[in-house]
Amino acid sequence: MIDEADAIAAATGHAPHKYATLVLAAWRGDEGIAADFVKDARASAAQRGEVSLLGATGYIQGVLLNGLARYDEALAAARSGVEHDGFNFSGLSLVEHIEAATRCGELDQARTSLGRLIEFTRAADSGWARGVTARSQALLTDGDEADDLYRLAIKELTHDRVAVEAARTHLLYGEWLRRSRHRSLAREHLRMAHEMFDTMGANAFAERTRRELLATGEHVQARSTRPVTALTPQESQIAALAARGMTNPSIGAELFISPHTVEWHLRKVYTKLGINSRRALPDALAVESPAGTRNAGAVSPT
C-alpha cells in the first residue's frame, strides 16, 4: 500500500505521505531506515510548522527504541511525542512513554502519562483503547492485580484484532511472569509473542522476545540463522535494476516509487541474499537464479 501511495504521489506531483513508511520501519526494527526518515521528516515538519509530524516522530522513535530495548533513548523520544501533542499520535506516544519510563524507573513520569492515557482511552472506549490502558496500568502494579490487567489487555486486543499490540502484551506479560518466577507460564506467552513478531517481521521485538525466552532456559534459534525467503517480484525488479548500475532516484523514477522506498527494498534484498552492498548484487542474483529465469523478468519493468 505504501508503494502504491508513493507511486501515486510521484505521478501526480504531490509530496509522499511519510507517516506510514516511518511507522512500518519502526515496527520492523530497521534503525537505519527509520533514522533517515525521521531526520528528513523532522526537517520537513520544522520547515512547514507541521506539529503533528513532529509528534509522530516521537511515537515512531519510541516504538523503534522500545523494540531495541534501548529504554533511556525511548523515554526521551516518546516524551517529545507527548509534549508536541499533535492529537493523532499523542495517545500512542503516551503508551510508548509509559513502557520506557517504567523500564527506566521513572515511575512518576509513567503515572503522569498513564493519567493522560486514561482520559484519552475513556473517550475512545474501543478494545484497542481498553487493551493498551490495561497493559499500561499493569506495568505500574504487581501481584494479582497486574496479572488480571495483563490478561484483560490480551483479551481486548485480541478481540479487537490489534495483533501487534496483542503480541507486545504477551511479551510484557511473559517478562513479568519470568521476574515473578513463573517460568513455565512465561514461556507460553513468550513463545506466542515470538511467533507473532517473527511472522509479522517485527524483527526488533522478535529479538527482544528471543532473549527473554533464553533467560527462561529455552533455546530459540536466532532469526538470522534461518533460510532466507525468496525475493518478492518488486524486490527482484529493483535488485535487477540496481545490479545494472542504476541509482535509487533513477529506479524510483522508472517504477514510480520514491528513492527512500527503493532503498528500503534494497535493504531487504541485501538481507535475503546475504550481502551488504549493491556491488555484490550481480553475483548474488546470478547465484540465486543460475538458469537466468528467476530474475529475468525483473530486468525490464515491463
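Which angle from 0 to 90°, rounded to the nearest 10, does the C-alpha axis of helix 107-124 make with the longest principal axis of the chain?
Approximately 80 degrees, to the nearest 10.
Principal axis lengths of the stretch 83-221 from Cα atoms, whole Å, largest first?
Reported extents, whole Å, longest axis first: 42, 29, 25.
To the nearest 10 degrees, how steep is helix 31-48 against the longest Cα principal axis of the chain, on a 0 to 90 scale?
For helix 31-48, the angle is close to 80 degrees.
What's the magnitude of the charge dipole for the stretch 2-225 around its Cα centre, counting Lys and Arg as +1 and Asp and Glu as -1 at the beta-carbon? Answer in Debye, nearest 20.
Working: 27 positive and 33 negative charges, 80 e Å.
My answer is approximately 380 debye.
For the peptides 270-277, 172-179, what is the packing order when you average, over each peptide's residues, the other Cβ atoms within 10 Å and list the highest mean first?
172-179, 270-277
Sorting check: for 57-66, 140-149, which peptide has the highest mean count of neighbouring beta carbons within 10 Å, and how do the rest follow?
57-66, 140-149
By a straight-distance test (C-alpha under 23 Å), which lysines pair with K18 as possible cross-link partners, with residues fewer than eight away in the same chain excluded?
Here the lysines satisfying the reach criterion relative to K18 are K39, K268.
Find the Cα radius of gyration of the chain, compare it with 2.2 N^0.38 Å by division, and give the number to two decimals.
Here the Cα radius of gyration is 1.09 times the empirical estimate.
When the chain is fully extended, how far beyond the present Cα-Cα distance does Q47 get from N276, taking 0.36 nm per residue of separation?
Fully extending the segment from Q47 to N276 adds 79.0 nm.
Can you give me the distance in nm between label points at A286 and D108, each placed 7 Å from the Cα along the Cα-to-Cβ direction?
Between A286 and D108, the simple spin-label model gives 6.5 nm.
Enter the Cα centre distance for the pair the stretch 53-97 and the stretch 126-180, rounded to the nearest angstrom.
19 Å
Bear in mind these aren't lab numbers, they're just calculated from the coordinates by the rules spelled out. Model, not experiment: these values are computed from the prediction. Don't worry about glycine lacking a Cβ; one is built from the backbone with ideal geometry, like all the others, and counts go over all protein chains shown.
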